[in-house]
Structure formats: C-alpha cells, structure tokens
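Encoded as structure tokens, the structure appears first; notes follow it.
The values are calculated or read from the model by the stated rules, or taken from the named source; none is laboratory data. Keep in mind it's a predicted model, so treat the numbers as computed, not measured. Glycine gets a Cβ as well: all are built from the backbone with ideal geometry, and neighbour counts include every protein chain shown.
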Amino acid sequence: DAGVTQTPRHEVAEKGQTIILKCEPVSGHNDLFWYRQTKIQGLELLSYFRSKSLMEDGGAFKDRFKAEMLNSSFSTLKIQPTEPKDSAVYLCASSYRGRDTQYFGPGTRLLVL
Amino acid sequence: QQKVQQSPESLSVPEGGMASFNCTSSDRNFQYFWWYRQHSGEGPKALMSIFSDGDKKEGRFTAHLNKASLHVSLHIRDSQPSDSALYFCAARSNTGNYKYVFGAGTRLKVIA
C-alpha cells in the first residue's frame, strides 16, 4: 500500500515568492490534514478537509496560506507571498475518518531566504 | 492554550533501559489518545492508540490511560538506539468536529 506522498521534499524560495506544495493521501482515506512543524511551535494545524470539504483552516494561517483538495486523491498548499518566518517542515497526513489514526507523509522542508 | 501537555521535554536512557513518557489533557472532552514517533527527516508514525482505562501492550511498548485524571503514559522497555526519536502524544475530542491535537513532544536519546 502506498503511504502519503509529498512533493517536493525540499524547497528553497526567495521572500515574496509563491510556492505550492503537493500531497497525495493514502488511497481510500476521507480526511486530509496539513501541518506546519517547527522546533519552537511544534506541530500546528494549517487545514483539515473531510471528504474534500474544508472543516478547519487554522485561523492564524488564513491570510497567506491556502489549501485545496482538487479531488479525493490530491491536495495542494499554496503559500503566497512567502516570508522567512515560513521556513519550516510542512507535513500532510490522512486518515480513514477524522477520528482515526493519522498517516503522515515525509514532509516538505521549506527554506525562505 | 495547549490542550495536551507532555513531559519531560527530553530524555536520555541507556540501551536496554526503560523510557517513560507522560501526557495530560487539560480538556475533559479529549479522552482518546495516540502515541506517535518521529525519526529525524521523516513524518510522525503512529505507535499505538489507547481509548480505555488501563494498560495496552504492544511488544516492547506499553501505554497506560487513566481517564479520571486524563493522564496517559508510554513506556518502552529494552530501549534500543533505533528508538531515539521525537515522541508525540495526540488526543482527540469526543464532541463537535472530533478535533485532534498534538502535544509538543518528548525527545528520546538512547545511549549505546
């Protein structure tokens, strides 16, 4: 079984650029999560989709972060414009139902200069 | 405010020793718990879930839940260097949209 796939694994951006991160969840999973991970803040929820509907958009991340689920097997996270404080690891996870164990991808490490 | 508090922040144990982690929920609605482990450069992976009072054992890993105090612990016996990782406690609400929250994590180092 394929796990959660994330691309790219590494991204370097200049301040002000637009970047798009991609995620393919586990086949058959209904729920998809985007997280940001830093050493100081830990895991922060950016977005939560249930059966492609946006259930939670992470509040503080609304203005420059936009996640979309184009279909049940593909999601993107757009950061526009990027700022140096966005440097972090971005993780995508999926679960069969929101109540269940989450399966994480390997993450995308973003560096904004 | 953090709904899930983890302790300690970091932990070092000798190879073959016991590693113990603690987690407490500050919200009585969050009563379903998971433990995840994250090795460097990878995403977190679920180790085990525990929803009922008492112990749950899976191999070298034992979780214990006390719902009255909303406290869950994880114990790893016979720790191996490959157990060195970041360990997260996660809790899920049993109301509303079944919100899922993670603790800040405990970093384990197993010394050979």
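Quick check: anything in region B:70-91 of a type outside the set (A, V, I, L, M, F, W, C), within 9 Å of chain A (Cβ to nearest Cβ) and within 15 Å of B:S7 (Cβ to Cβ)?
Scanning region B:70-91, I find no residue that is of a type outside the set (A, V, I, L, M, F, W, C), within 9 Å of chain A (Cβ to nearest Cβ) and within 15 Å of B:S7 (Cβ to Cβ), so the answer is no.
Considering B:S10, B:S69, B:S82, B:S26, which residue is more than 30 Å from A:L54 (Cβ to Cβ), loosely packed, with under 14 Cβ neighbours inside 10 Å and modelled with pLDDT under 95?
B:S69
Anything in region B:32-69 that is within 14 Å of chain A (Cβ to nearest Cβ) and acidic (D, E)? List them, or say none.
B:E42, B:E58
Hey, can you tell me all the residues within region A:1-52 that are assigned to a strand (DSSP E or B) and more than 15 Å from the chain's Cα centre (by Cα)?
Selection gives A:V12, A:A13.
Report, by residue number, each residue of region A:33-54 that is closer than 24 Å to B:T106 by Cβ, surrounded by fewer than 16 Cβ atoms within 10 Å (Cβ to Cβ) and more than 10 Å from every other protein chain (Cβ to nearest Cβ).
A:T38, the sole residue that qualifies.
Taking into account only those residues within region A:55-76 that are within 14 Å of chain B (Cβ to nearest Cβ) and part of a loop (DSSP other than H, G, I, E, B), which is nearest to A:G28 (Cα to Cα)?
The residue in question is A:D57.
Report yes if B:S79 is polar (S, T, N, Q) and in contact with a Gly (Cβ under 7 Å, 6 or more places away or on another chain), otherwise no.
Yes, satisfied.
Pull up region A:96-113, narrow it to residues that are more than 8 Å from chain B (Cβ to nearest Cβ) and either part of a strand (DSSP E or B) or out of contact with any Gly (no Cβ under 8 Å at 6 or more places or on another chain) (or both), then point me to the one that is farthest from A:S51 (Cα to Cα).
Applying the filter and picking the extreme gives A:L113.
Filter region A:77-95 down to the residues that are surrounded by fewer than 15 Cβ atoms within 10 Å (Cβ to Cβ) and either within 14 Å of chain B (Cβ to nearest Cβ) or touching an Asp or Glu at 6+ places or on another chain (Cβ under 9 Å) (or both) and list them by number.
Selection gives A:K78 alone.
Consider B:R28 carefully, then state whether it is away from chain A (no Cβ under 14 Å), farther than 22 Å from B:N94 by Cα and of a type outside the set (V, I, T).
Considered against the rule, which asks whether it is away from chain A (no Cβ under 14 Å), farther than 22 Å from B:N94 by Cα and of a type outside the set (V, I, T), B:R28 comes out as no.
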